[in-house]
Amino acid sequence: MTFTEQFLAEAGRIIELLDEDAIERTAAVLAQTRERGGRLFILGVGGSAANASHAVNDFRKIAGIECYAPTDNVSELTARTNDEGWASVFAEWLKGSRLKSTDTLLILSVGGGNLEKQVSPNLVAALDYARECGAKITGIVGRDGGYTARVADACVIVPTVNPAHVTPHSEAFQAVVWHLLVSHPALKATETKWESVK
């Protein structure tokens, strides 16, 4: 088997193992967020930050949800990191955004945050702040889901089918799942361009 065959076979296996009920629960939380006039804040680091930016576009344009990602503002992100530290950067940004109980967080992460291992402490702090505010928490995460899976109202865990490929599969399937969500009848509010061209 070539590497390409192996990698694509792993992707196929992930699709078979994805928890469809978790995806449906996530869609329901996001639909309720929109119905109550809440905002969606998408948090991610590294490749997941790039995914967050893309997802903001889709949730705003296709699903009609007011949506933001803190990593889209590089000036504020780097100022907060420099002045206050990396661990608090997202929580402080959410405070400045006046996070409310009507709002929802969507965490995109390979591991979901883990304070014991000092991985993504900024996500953990943001999740704790969201819980204090009574905001809903959702996630699309890899590995065992980390802290995100433990505290989320709805969380999709990308199954690990090969420990050597956790990061690429987790980040790739973040995109698969959020595209599913914005295409979901409970969320889709606007026709996408190529689907409307005859």
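The values are calculated or read from the model by the stated rules, or taken from the named source; none is laboratory data. Values in this document were obtained by computation on a predicted structure and should not be read as measured data. Because the Cβ atoms are built from the backbone with ideal geometry, glycine has one as well, and the counts that use them run over all protein chains shown. When the accessible area is computed, the model is the full protein with side chains, heavy atoms only, and any ligands, DNA or RNA have been set aside. Shrake-Rupley method; radii C 1.70, N 1.55, O 1.52, S 1.80 Å.
Overall, the chain carries a charge dipole of about 480 debye about its Cα centre when +1 sits on the Cβ of Lys and Arg and -1 on the Cβ of Asp and Glu, all other atoms neutral.
Count the DSSP beta bridges whose two residues both fall in region 54-198, then state the antiparallel fraction as a percent rounded to the nearest 5. The antiparallel fraction comes to roughly 10 percent. Our estimate of slack between residue 21 and residue 144, defined as 0.36 nm per intervening residue step minus the Cα-Cα distance, is 42.6 nm. Summing charges over all other residues whose Cβ lies under 12 Å from the Cβ of residue 87, with Lys and Arg as +1 and Asp and Glu as -1, gives -2. When averaged across all projection directions, what area in nm² does the alpha-carbon convex hull of the chain cover? One quarter of the hull surface, i.e. the mean projection, equals 12.2 nm². Using a Gaussian network model of the chain in which every pair of alpha carbons under 10 angstrom is joined by a spring, one finds that among 152, 164, 135 the greatest mean-square fluctuation is at 164. Computed on region 1-117, with alpha-carbon pairs under 8 angstrom and 6+ residues apart, the relative contact order is 31 percent.
Which of 73, 57, 114 moves most in a GNM of the chain, Cα contacts under 10 Å? Looking only at 73, 57, 114, the largest GNM fluctuation is found for 73.
For the chain, the 222 nm mean residue ellipticity estimated from helices alone, with every DSSP H stretch of n ≥ 4 adding -39500 (n - 2.57) and the total spread over all residues, rounds to -16500 deg cm²/dmol.
Cα centroids of region 1-70 and region 172-198: 11 Å apart. Computed over the Cα atoms of region 112-161, the ratio of the radius of gyration to the Kirkwood radius (Rg/Rh) comes to 0.97. With protein chains left intact and a 1.4 Å probe, residues in region 111-198 average 48 Å² of accessible area per residue.
My understanding is that a pair violates if its Cα-Cα distance is over 30 Å; which of 117/188; 61/198; 95/117; 100/188 do that in this structure? The answer is 117/188.
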